[in-house]
Amino acid sequence: PADEKAALSPLPASDAVKGIEEVLVLDFGGQYSQLIARRIRECGVFAELLPASADVEKIRARKPKALVLSGGPASVYEPGAPAFPTQLLDLDIPMLGICYGMQAMDLALGGKVDGAEAGEFGRTELTRRDGGGRLLGGLPEEQNCWMSHRDVVREAPAGFTALASSPSSP
């Protein structure tokens, strides 16, 4: 049916659409970056995947409602690893860092990231902490999540609170 075709059609490029609220996903090279953008679209929100090196002024001009920082294969503490563009903080919009994106933001803001004693790969128990805040509030206290990482945030930057933990990632 025509309605089904319309639901499956890709959204037009963002520069062709004016006035649409969007979330931008900044890709640090993660294997799930496309999936993250697709899941946001499935929630009825326009999302576009951009390289993590995208020009901050171009991002500002688009006025996204939020940014998602994807994961990636690098370790933030290795020479040449992609850096978190701290100018993104001047946008004053919500940001969600996932894996590498969270670690890069943590390190840039004064937190501590290093290698975990044991990596977490595949199904991993996640425990919500302190009610989970607005982001995780209402989710089960414990749940299984899919993990793929060897690094860990050891210390959150000043003003940040850990909302969940796993056996190897406090």
Worksheet item: Given only helices, namely DSSP H runs of n ≥ 4 each adding -39500 (n - 2.57), what is the per-residue ellipticity at 222 nm of the chain, to the nearest 500 deg cm²/dmol?
Response: -5500 deg cm²/dmol
Practice prompt. For region 32-45, just list the computed ³J(HN,Hα) in residue order, Karplus coefficients 6.51, -1.76 and 1.60, θ = phi - 60°, integers in Hz, with x standing in for Gly and Pro.
Written response: 10, 4, 4, 5, 4, 4, 5, 5, 5, 4, 5, 8, x, 10
Item to complete: Just subtract the alpha-carbon distance of Ala108 and Ser75 from 0.36 nm times their residue separation and send over the number in nm, one decimal.
Response: 10.5 nm
Worksheet, complete the sentence: Two pseudo-spin positions, 7 Å from Cα along C-beta at Thr86 and at Ile20, lie apart in nanometres by 3.5
Worksheet item: Which of the aspartates and glutamates could be linked to Lys58 by a straight reach, that is with a Cα gap under 16 Å, when you skip same-chain ones fewer than 8 residues away?
Response: Asp15, Glu21, Glu22, Asp27, Glu48, Asp90, Asp92
Discussion item. Largest first, please: the extent of the C-alpha atoms of region 58-113 along each principal axis, to the nearest Å.
Written reply: 32, 21, 17
Practice prompt. Report the charge-dipole magnitude of the chain in Debye, nearest 20, computed about the Cα centre from +1 at each Lys and Arg Cβ and -1 at each Asp and Glu Cβ.
Written response: 300
Fill in: Listed values (i) 17.0, 54; (ii) 15.8, 47; (iii) 18.9, 56, entry calculated as Rg and Dmax of the Cα atoms in Å
(i)
Practice prompt. Take the Cβ-Cβ distance between Glu125 and Arg154 as r, set R0 to 22 Å, and report the resulting FRET efficiency rounded to the nearest 0.05.
Written response: 0.70
Fill in: Environment charge at Val152 (Cβ cut-off 13 Å; Lys +1, Arg +1, Asp -1, Glu -1)
-3
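Local charge sum around Leu35 (other residues, Cβ-Cβ under 11 Å, Lys/Arg +1, Asp/Glu -1)?
Taking every Cβ under 11 Å from that of Leu35, the sum is +2.
Relative to the present Cα-Cα distance, how much length would full extension add between Leu35 and Ile93 at 0.36 nm per residue of separation?
On the way: separation 58, 0.36 × 58 = 20.88 nm, distance 2.20 nm.
Separation in residues times 0.36 nm, less the Cα-Cα distance, equals 18.7 nm.
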Discussion item. As a test question: what accessible area, to the nearest 10 Å², does Asp90 have when a 1.4 Å probe is rolled over all protein chains in place?
Written reply: 110
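The values are calculated or read from the model by the stated rules, or taken from the named source; none is laboratory data. In this text the structure is predicted, and so the values were computed from the model without any measurement. A quick note on method: Cβ atoms are made from the backbone with ideal geometry, for glycine too, and the neighbour counts reach across all protein chains shown. SASA here: full protein model, heavy atoms, side chains in, ligands and nucleic acids out. Shrake-Rupley method; radii C 1.70, N 1.55, O 1.52, S 1.80 Å.
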